[in-house]
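Novice: I am attaching a structure below and will ask some questions about it afterwards.
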Amino acid sequence: MTAKTTKQDKVTDSATTAAETMVAVGQEALRNFAKASTESYENAFTGIRGKAGDLVQGYDEIAATGKENMEILSAAGTAYGKGVEAIGGEWMNFAKKMMDTNVQATKAILGAKSLNEVMDLQSEFMRGSFDGLMAQSTKIGELATKVAQDAAEPINAQLTATVEKWHKNAA
């Protein structure tokens, strides 16, 4: 019986060793799986954290750009308002000047001694009025051009800066 027991002990020892080896291999596989899963989750969450940070930074940039745009539109509106005020002032000054000229011409015509003198005064008044209107129109045109340039300047500067920023980001 001793021979059988020894043979059975050897089979039992072999089975035990095989079982222990299988358990060890299973445990090692489970550890490797847990380690790989943990690393995958960590990498995924690191990427998500990075993307979330990028989104927050992107939002901050959009908010800052929106604020800059409002300031620029305000500056353009202010320049436009001042320009329109200056143009209105020029027209008012011209209207006053023309009113004074009309009064003087009317007095001169009423004081004329002959029809020829009336015709000469009327011609001189009309020529002066036309020349004054042409000079004033030129002055207002130049002023309007300056107003448009002054109002567009902050917008053009912002547009140029934005295009340069996009160009840098694209490169």
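Novice: In debye to the nearest 20, how big a dipole does the range 2-170 give about its Cα centre with +1 on each Lys and Arg Cβ and -1 on each Asp and Glu Cβ? Mind dumping the intermediate values first?
Specialist: Numbers: 18 positive and 22 negative charges, 79 e Å.
It comes to approximately 380 debye.
Novice: Among Ala76, Ala95, Ala24, which one shows the biggest mean-square fluctuation in a GNM of the chain, springs joining Cα atoms closer than 10 Å?
Specialist: Ala24
Novice: Which of the pairs Lys82/Lys139; Lys67/Lys165; Lys67/Lys146; Lys96/Lys139; Lys97/Lys139 have their Cα atoms more than 18 Å apart in this structure?
Specialist: Numbers: Lys82/Lys139 16 Å; Lys67/Lys165 16 Å; Lys67/Lys146 26 Å; Lys96/Lys139 16 Å; Lys97/Lys139 15 Å.
In this structure, Lys67/Lys146 lie more than 18 Å apart at Cα.
Novice: I'd like the orientation of helix 2-110 relative to the chain: the angle between its Cα long axis and the longest Cα principal axis, in ° from 0 to 90, rounded to 10.
Specialist: 0 degrees
Novice: Going by alpha carbons, how many degrees (0 to 90, nearest 10) lie between the helix axis of 115-170 and the longest principal axis of the chain?
Specialist: 10 degrees
Novice: Given Ala24, Met119, Ser40, which one lies farthest toward the positive end of the charge dipole of the chain, if we put +1 on the Cβ of every Lys and Arg and -1 on the Cβ of every Asp and Glu?
Specialist: Result: Ala24.
Novice: When the helix-only estimate is applied to the chain (DSSP H runs of n ≥ 4, each -39,500 (n - 2.57), divided by the residue count), what is the mean residue ellipticity at 222 nm, nearest 500 deg cm²/dmol?
Specialist: Values: 2 runs with 165 residues, N = 171.
Taken over the chain, the calculation gives -37000 deg cm²/dmol.
Novice: Modelled label-to-label distance, Asp131 and Asn69, 7 Å Cα→beta-carbon offset: nm?
Specialist: 5.2 nm
Novice: Determine, from the Cβ-Cβ distance of Lys165 and Thr145 and an R0 of 25 Å, the FRET efficiency 1/(1 + (r/R0)^6), rounded to the nearest 0.05.
Specialist: Details: r = 30 Å, r/R0 = 1.19.
About 0.25, to the nearest 0.05.
Novice: Pick out which of Gly88, Gly26, Gly132 has the largest mean-square fluctuation in a Gaussian network model of the chain, springs linking Cα atoms closer than 10 Å.
Specialist: Of Gly88, Gly26, Gly132, the most mobile in the Gaussian network model is Gly26.
Novice: Write down, largest first, the equivalent ellipsoid semi-axes of the chain in whole Å, where each equals the square root of 5 times an eigenvalue of the alpha-carbon gyration tensor. Don't jump to the answer; show the numbers that get you there.
Specialist: On the way: eigenvalues 2121, 25, 11 Å².
Working through the eigenvalues yields semi-axes of 103, 11, 7 Å.
Novice: Now, a different point. Could you line up Asp150, Asp60 from fewest to most neighbouring Cβ atoms inside 10 Å?
Specialist: Values: Asp150 16, Asp60 10.
In increasing order of surrounding Cβ atoms, one gets Asp60, Asp150.
Novice: With the chain treated as a Gaussian network of Cα nodes joined by springs under 10 Å, which of Val147, Val118, Val84 yields the largest mean-square fluctuation?
Specialist: Val118
Quick note: the coordinates plus some simple rules give every number you see, no bench work behind them. For clarity, every value in this text was computed on a predicted model and none was experimentally measured. For neighbour counting, all protein chains shown are included, and Cβ atoms are generated from backbone atoms with ideal geometry for every residue, glycine included.
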